[in-house]
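Please read the structure below before turning to the comments.
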Amino acid sequence: MDDKPGPVKKFVDAVAETVREDGRPSVTVPGAPGSKPPPLAEPTEPRAPLGPKPDQRAPLPLSPTGRDIGVPADAAAQNGGYLTTAQGVRLPDSDHSLKAGPRGPVLLQDHHLREKITHFDHERIPERVVHARGAAAHGVFRGYGTAGSVCKAAFLQEGVQTPVFVRFSTVLGSRGSADTVRDTRGFATKFYTSEGVFDLVGNNIPVFFIQDAIKFPDVIHAGKPHPDREIPQAQSAHDTFWDFVSLHTEATHHTIWNMSDRGIPRSLRMMEGFGIHTFRLINADGASTLVKFHWKPKAGVHSLVWEEAQLIGGMDPDFHRRDLADAIEAGNFPQWELGIQTFPDTPEQSFEGIDLLDPTKIVPEELAPVQPIGLLTLNANPVNYFTETEQVAFHPGHLVPGIDITDDPLLSGRLFSYLDTQITRLGGPNFAQIPINRTHAPVNDMQRDGFHQDAVHSGVAPYKPNSLDGGCPFFAGAGEHAFVEYPTPIAAAAKVREAPASFDDHFSQPRLFWLSLSPVEREHVIAAYTFELSKVYEQAIKERVLTVLARIDEGLCREVATGLGLPAPAGTAPADTTASAALSQLGQRWPATGRVLGIITGAGSDPGVVRAMRETALGAGLLPLVIGPTGAPLAENVAVQRTFGAARSVEFDALLVADAPAPGADDRGARDAKSGAVAGGQPTLDSRIVLLINEAYRHAKPIAGLADARALWAAAGVDPQAPGVFTETDAARAISSLVEQLSTHRVWERFPAGAH
């Protein structure tokens with residue numbers, strides 16, 4: 001829109017160069033130092049705090065009511081070279097309390113001590129009940145204009161660029177839990193549109209555990225740690241979860257998605273997002289269309305294997321948030337296309353026999369293709385985790401003209417719950433004035449006072465109607481972009497606590513999902529159910545889950561029962577349905593841009609060769625990390641990012657061997673327990689690198705090396721003729737082979753799959 005307010009245009013101008021279709025920003029290895037290196041000794045001269053790094057961006061400096069205040073982005077940050085109190089009084093000391101003599105009691109009059117400790121005592125706010133563990137980034141959304149026939153929202157018009165803030169999260173874990181647990185992931189997007197804030201609050205799984213919000217406390221209480229011991233943390237592998245989902249079978253569809261590879265994504269930037277519910281779009285003529293929202297990642301949809309997820313949980317529990325931040329810092333900006341499935345808004349609100357108000361159902365893409373309507377690019381990391389990622393407040397009721405809700409009973413409850421939660425977490429009703437939550441559109445809501453009221457309002461008549469303030473603010477009509485609820489007809493009905501009969505089918509769509517998976521993906525589902533149920537103590541719960549699995553597929557039930565050492569009940573699955581290729585993560589090819597390549601070097605590696613390898617990898621869109629025996633650079637401009645002792649295969653999508661390294665000085669069990677982890681190790685090779693190669697090979701990752709790598713292949717149990725193993729004399733050709741193989745994410749042929 002040409003009439004976008006100043007703040008939106010200023011933001012878009014600042015990031016427009018990052019939205020490119022024919023090129024990428026220059027790529028750098030993440031972890032660059034600050035703008036001014038610290039001295040070895042403690043500084044003695046004051047200076048102002050350092051500004052954000054190039055990959056970081058703070059919320060726009062807007063007033064609490066959305067007005068551009070025309071100051072630098074860091075104007076709200078702390079400043080000055082001297083330590084002060086909260087009131088700006090400079091302090092001479094912050095290491096010692098005021099005491100009656102050096103060994104005397106601390107004095108109550110020490111106002112600095114009391115202020116410092118009191119603030120520290122209140123630094124934490126209640127974490128979210130669900131989605132507590134999160135990571136986020138700033139970005140921009142560009143509308144394609146292709147939604148114009150069904151939606152009048154300004155931000156979807158062709159070429160319109162809208163600032164966004166996106167938060168990803170796990171559902172069950174606390175803020176301190178690990179990233180790679182098996183769980184549903186939240187995918188919440190805040191659009192700062194010219195017509196107000198629009199929040200699209202969804203997950204990486206398109207269906208939910210329940211059909212009605214009144215069951216939400218039940219499913220979360222069941223999934224959270226047991227209340228007697230507060231274990232297990234961030235996991236569904238325990239009695240209460242499986243007790244609930246085996247009794248409440250509408251959870252079956254979401255559960256099988258969670259047991260699939262979708263429950264352990266490779267990266268936040270490599271997972272889909274879904275709005276879950278059916279929404280209503282209204283066009284300029286007032287016509288209504290029902291839709292489901294989809295986020296499609298440009299990098300493809302990829303997952304970890306279960307052993308990787310477990311290893312990462314110990315090696316780097318921050319793996320997903322680090323991966324997201326590093327990708328942005330490196331210039332490999334994650335991108336998703338926003339798409340919609342559209343359905344006629346009929347009185348039945350169903351499509352091809354699928355009830356569109358049932359949040360446990362999908363509409364296969366073969367029946368309703370996903371139509372792209374815009375591009376999301378994440379291009380800046382937050383400056384401060386608490387003020388941005390932790391305080392951002394999403395709400396499905398934050399809507400703009402052209403987007404409305406439906407009568408989905410789960411969505412109806414969310415409209416209440418999110419607002420109610422923010423009031424408690426963020427200290428009152430003025431949470432919209434927190435900088436990350438501030439709309440970029442003008443605000444005149446006549447709301448007054450309350451905790452944390454930052455705006456200084458004028459006028460004497462915050463009520464309607466009034467004459468003392470000249471009747472202001474006035475009501476807007478459709479011509480002024482007012483939000484007007486769609487006049488949905490409501491059939492005559494009695495008040496009842498019931499669900500429609502169409503909500504009763506709990507098994508046909510789980511079977512559809514199972515039949516749509518490739519053989520290797522089915523193996524992973526079987527392994528997941530077997531692992532999870534092996535953690536259940538009560539035998540009756542295991543047997544009950546098997547009766548549920550028998551209603552999905554007889555082979556699935558039989559294999560899980562075998563793993564548990566239990567008899568399999570008779571199969572009672574619904575009739576076969578047509579599989580949906582869109583539900584499998586395999587079968588397509590994706591760009592390798594942003595994939596992490598580990599380059600293995602040794603003490604005698606030629607720095608020139610390694611530098612050339614790194615440059616070739618960067619040119620191919622990969623992020624190369626050099627793995628060396630110590631942290632010392634191989635040469636000037638050839639830094640080592642990982643040491644043999646610190647590196648683990650789970651960090652990398654592919655490996656390139658520049659040299660078969662001799663044992664490092666720390667290659668001994670007392671120093672590093674990974675030493676000698678592979679039986680029959682070669683004493684002339686570093687055993688940690690042998691383990692690195694072995695794990696990558698077992699996890700079906702592509703590996704390549706020059707002629708010297710043959711000894712490593714033998715020591716690590718690698719078949720040099722196996723798919724995805726490349727032994728070359730030319731490094732550029734080896735990297736080209738890796739890039740080609742990475743287009744399918746893994747070398748799936750290395751995973752033999754059984755028939756079920």
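The values are calculated or read from the model by the stated rules, or taken from the named source; none is laboratory data. Quick caveat: nothing in here was measured; it's all calculated off a predicted structure. Counting neighbours? That spans all protein chains shown, and the Cβs are built from the backbone with ideal geometry, glycine included. The protein model used for the area step is the full one, side chains on, heavy atoms only, and it has no ligands, DNA or RNA in it. Shrake-Rupley method; radii C 1.70, N 1.55, O 1.52, S 1.80 Å.
For the pair Lys99 and Asp121, what calculated FRET efficiency results from E = 1/(1 + (r/R0)^6), where r is the Cβ-Cβ distance and R0 = 22 Å, to the nearest 0.05?
0.60
Using the heavy atoms of the protein chains alone and a 1.4 angstrom probe, what is the accessible area of segment 499-561 per residue in square angstrom?
38 Å²
May I ask you to compute the full-extension gain from Arg322 to Arg589, defined as 0.36 nm times their residue separation minus their alpha-carbon distance, rounded to one decimal in nm?
Full extension from Arg322 to Arg589 adds 93.6 nm.
Mind grabbing the accessible area of Val460 for me, 1.4 Å probe, Å², rounded to tens?
Result for Val460: roughly 100 Å² accessible.
With a/c under 1.5 counting as rounded, go ahead and sort segment 479-615 into rounded, prolate or oblate using the C-alpha gyration tensor (a ≥ b ≥ c being the square roots of the eigenvalues; past the cut-off, prolate if a/b is larger than b/c, else oblate).
Judged from the Cα gyration tensor, segment 479-615 comes out oblate (a/c at least 1.5, b/c at or above a/b).
How large is the accessible surface of Val496 in square angstrom, using a 1.4 angstrom probe and rounding to the nearest 10?
90 Å²
Under the rule of at least 5 residues apart or a separate chain, name every residue whose amide H is placed under 5 Å from the amide H of Ile403.
Ile282
In the chain, what percentage of the DSSP-assigned beta bridges are antiparallel, given to the nearest 5?
75 percent
With no solvent and one point on each alpha carbon, what is the Debye value of log10 I(q)/I(0) for segment 697-756 at q = 0.30 Å⁻¹?
Relative scattering, expressed as log10 I(q)/I(0), comes to -1.30.
Pull up all non-local amide H partners of Asp345: gap of 5 or more, or a different chain, and H-to-H distance under 5 Å with H placed in the peptide plane.
Counting only residues 5 or more places away or on other chains, the set is Leu290.
For Ser303, list long-range residues whose amide hydrogen, built 1.01 Å from N in the peptide plane, is under 5 Å from its own amide hydrogen.
It is Arg266, by chain and number.
Of Asn430, Val525, Ala237, whose Cα points farthest to the positive end of the dipole of the chain (charges on the beta-carbon: +1 Lys, Arg; -1 Asp, Glu; origin at the Cα centre)?
Asn430
Need one value: the accessible area of Phe751 in square angstrom, 1.4 angstrom probe, rounded to the nearest 10.
Answer for Phe751: close to 50 Å² accessible.
What length, rounded to one decimal in nm, is gained on full extension from Ala527 through to Thr630, with 0.36 nm per residue of separation minus their alpha-carbon distance?
That works out to 33.3 nm of additional length.
Using only the Cα atoms of segment 212-350, build the gyration tensor, take square roots of its eigenvalues as a ≥ b ≥ c, and label the shape rounded, prolate or oblate: rounded if a/c is under 1.5, else prolate if a/b is larger than b/c, else oblate.
oblate
Using a ≥ b ≥ c from the Cα gyration tensor of segment 557-693 (square roots of the eigenvalues), is it rounded, prolate or oblate, where a/c under 1.5 gives rounded and otherwise the larger of a/b and b/c decides, a/b for prolate?
oblate
For the chain, give the percent of accessible area contributed by carbon and sulfur heavy atoms, probe 1.4 Å, rounded to a whole number.
55 percent
For segment 171-187 and segment 281-338, compute the distance between their C-alpha centroids and round to whole Å.
Segment 171-187 and segment 281-338 have Cα centres spaced 14 Å from each other.
How far apart, in nm, are the 7 Å Cα→Cβ label points at Ser63 and Glu749?
For the pair Ser63/Glu749, the computed spacing is 6.6 nm.
How many percent of DSSP beta bridges within segment 178-319 run antiparallel, rounded to 5?
Roughly 100 percent of the DSSP beta bridges within segment 178-319 come out antiparallel.
Taking the Cβ-Cβ separation of Arg611 and Lys53 as r and a Förster radius of 30 Å, what is the calculated FRET efficiency to the nearest 0.05?
Approximately 0.75, to the nearest 0.05.
Between His111 and Thr44, what is the spin-label point distance in nm, taking each point 7 Å from the Cα along the Cα→C-beta axis?
3.2 nm
In segment 568-631, what trypsin sites (Lys or Arg not before Pro) fall in a loop by DSSP, with at most 16 other Cβ atoms inside 10 Å?
Arg589
Return the FRET efficiency for the residue pair Thr684, Val29: r is the Cβ-Cβ distance, R0 is 22 Å, and the value is rounded to the nearest 0.05.
The formula returns an efficiency of 0.15 here.
Please work out the average accessible area per residue across segment 81-165, using the 1.4 Å probe convention, and give it in Å².
Computed with neighbouring chains in place, this is 61 Å² per residue.
Can you give me the distance in nm between label points at Asp212 and Thr562, each placed 7 Å from the Cα along the Cα-to-Cβ direction?
Between Asp212 and Thr562, the simple spin-label model gives 4.1 nm.
Taking each pair of different alpha-carbon atoms in segment 407-457 once, compute 1/r for the pair, average those values, and report the inverse of that mean as the Kirkwood hydrodynamic radius in Å to one decimal.
12.5 Å
Go through Glu365, Glu230 and list them by solvent-accessible area, largest first, probe radius 1.4 Å.
My answer, sorted largest first, is Glu230, Glu365.
Starting from the residue with the highest accessible area, list Glu272, Glu498 in decreasing order, probe 1.4 Å.
Ranked list, largest accessible area first: Glu498, Glu272.
Leaving out ligands and nucleic acids, note down the accessible area per residue over segment 391-452 with a 1.4 angstrom probe, in whole Å².
Per residue, segment 391-452 has 43 Å² of solvent-accessible surface.
Taking the structure as given and computing Cα extents along the principal axes in Å, which label from (1) 93, 92, 66; (2) 86, 83, 51; (3) 90, 79, 59 fits?
Matching entry in (1) 93, 92, 66; (2) 86, 83, 51; (3) 90, 79, 59: (3).
Take the alpha carbon atoms of segment 552-606, find their center, do the same for segment 394-449, and report the distance between the two centers in whole angstrom.
The distance from the Cα centre of segment 552-606 to that of segment 394-449 comes to 39 Å.
Karplus couplings for segment 438-452 from phi (6.51 cos²θ - 1.76 cosθ + 1.60, θ = phi - 60°), rounded to Hz, Gly and Pro as x?
Using θ = phi - 60°, the values come out as 5, 5, 9, 10, x, 10, 8, 9, 6, 6, 9, 6, x, 4, 6 Hz.
Per residue of segment 590-597, in order, report the coupling 6.51 cos²θ - 1.76 cosθ + 1.60 (Karplus, θ = phi - 60°) as ³J(HN,Hα) in whole Hz, putting x for Gly and Pro.
After applying 6.51 cos²θ - 1.76 cosθ + 1.60, I find 10, x, 8, 3, x, 5, 9, 10 Hz.
Could you calculate the contour length gain from Phe451 to Asn384, that is, 0.36 nm times the residue separation minus the distance between their Cα atoms, to one decimal place in nm?
21.9 nm
Where does each of Val525, Val89 land when they are ordered by accessible area, with a 1.4 Å probe and the largest first?
Val89, Val525
Report the one residue of Thr184, Val71, Phe216 whose Cα lies farthest in the direction of the positive end of the charge dipole of the chain (charges on C-beta: Lys and Arg +1, Asp and Glu -1; origin at the Cα centre).
Selected residue: Val71.
What list of ³J(HN,Hα) values in whole Hz, one per residue of segment 383-399 in order, does the Karplus curve 6.51 cos²θ - 1.76 cosθ + 1.60 (θ = phi - 60°) give from phi, with Gly and Pro shown as x?
With the stated coefficients, segment 383-399 comes to 7, 9, 4, 5, 5, 10, 5, 7, 9, 4, 10, 9, 7, x, x, 7, 10 Hz.
Using Cα centres only, tell me the gap between segment 203-225 and segment 608-680 in whole Å.
When both Cα centres are located, 43 Å separates them.
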